[in-house]
Amino acid sequence: PAMVQLRSVTKTYTNGYEALLDVNLEVKQKEFLFITGPSGSGKSTLLKMLYGEELPTQGEVIIDDCNVAALRGDRLSLLRRRIGVVFQDYKLIPQRTVAENVTFVLQAQGYTRKEIQRRLEPTLKLVGLLSKADRFPDQLSGGEQQRVSIARAIVGTPPLLLADEPTGNLDPDNSWQVMQILQKLNTFGATVIVTTHDEQLVRRCNHPVVQVQNGRLYRK
Ligand code: ADP
Ligand code: ADP
């Protein structure tokens, strides 16, 4: 079964810029997909449409059998809870500890304290940061900060994990660590979609690859 479907998707920004042109894509449940392509080719735009940050100008984006553009209010929030997102620049809250950054969203979603505690420890363990739960982001390396952001993305166990250039600010060792965590989550059953322009990293992993070039999608 498909987790993600794009059907003839075109995205034109309000300034007239055509960022994606007639893109078709199907990603099956439990698949790991790389999206490569040069800077400015439309990779982020594609991911933004998957988590509902941008809407398609034409065509349909279907996640888990839901047409994203047709969802409003509660149903859109519920879909978003089923999608974890990791960004190149981590987007951690500087005034909050690692543990607080990871559990913040669960609190906002009304999980009980007990349930939050039950989820926090194994999640931090998975990303290798259990001993740093009480640190603040500026006391961590870039690689550690990215692993906090992965923990935040997965603590609600979303079936779909999106990572937009997750290794863009990391050296090769940290990049590989992050990629191994994403692959482990995939083996646990998550559908994972990663954008990157790091060809070497892509070659090191044995996953399907599509390439975006000037807003068009090509299978490699
Ligand atoms: P909208 O959702 O209405 O496009 P945004 O806040 O995304 O609004 O952007 C406002 C304007 O800023 C856009 O119409 C565009 O002209 C410009 N803009 C924003 N981000 C970019 C970008 N990454 N590249 C080029 N222009 C951008
Ligand atoms: P990539 O992730 O591959 O670097 P993006 O999807 O961020 O590419 O951007 C694709 C193109 O769309 C770029 O030319 C960018 O400047 C433009 N763009 C991105 N966001 C906006 C926006 N909000 N408004 C106008 N143009 C944008």
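Quick note: the coordinates plus some simple rules give every number you see, no bench work behind them. Remember, it's a predicted structure, so these values are computed and weren't measured experimentally. Quick reminder, even Gly has a Cβ in these numbers, built from the backbone with ideal geometry, and neighbours come from all protein chains shown.
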Seminar exercise, completed: By the Cα gyration tensor axes a ≥ b ≥ c (a/c under 1.5 gives rounded; else a/b larger than b/c gives prolate, otherwise oblate), the shape of segment 1-135 is prolate
Exercise. Could you name the lysines in cross-link range of LYS43, using Cα to Cα under 28 Å and dropping any fewer than eight places away on the same chain?
Worked result: LYS11, LYS28, LYS30, LYS91, LYS184, LYS220
Problem set entry | Normalised convex hull volume, segment 107-220, alpha-carbon set, Å³ per residue | 135
Problem set entry | Residues of segment 1-39 with amide N under 13 Å of the 7 Å Cα→Cβ point at THR187 | none
Seminar exercise, completed: Expressed in angstrom, Rg and Dmax over the Cα atoms of segment 107-171 are 12.6, 38
Exercise. By how many nm would the segment from GLN200 to THR12 grow when fully extended, if each residue of separation counts as 0.36 nm and the alpha-carbon distance is taken off?
Worked result: 64.5 nm
Problem set entry | In nm, spacing of pseudo-spin labels at GLU121 and ALA2 (7 Å Cα→C-beta vector) | 4.2
For this session: Treating only the Cβ atoms of Lys and Arg (+1) and Asp and Glu (-1) as charged, compute the dipole magnitude of segment 9-67 about its Cα centre; round to the nearest 20 debye.
Result: 220
For this session: Treating the angle as unsigned and between 0 and 90°, give the value, to the nearest 10°, between the Cα long axis of helix 142-154 and the longest Cα principal axis of the chain.
Result: 80
Exercise. Under unit Cβ charges (Lys, Arg +1; Asp, Glu -1), what dipole magnitude, rounded to 20 debye, does the chain have relative to its Cα centre?
Worked result: 560
Exercise. When the label point is put 7 Å from the Cα of TYR218 along its Cα-to-beta-carbon vector, which residues of segment 26-69 have a backbone N closer than 20 Å?
Worked result: 26, 33-47
Problem set entry | Beta bridges per DSSP with both ends in the chain, % antiparallel, nearest 5 | 50
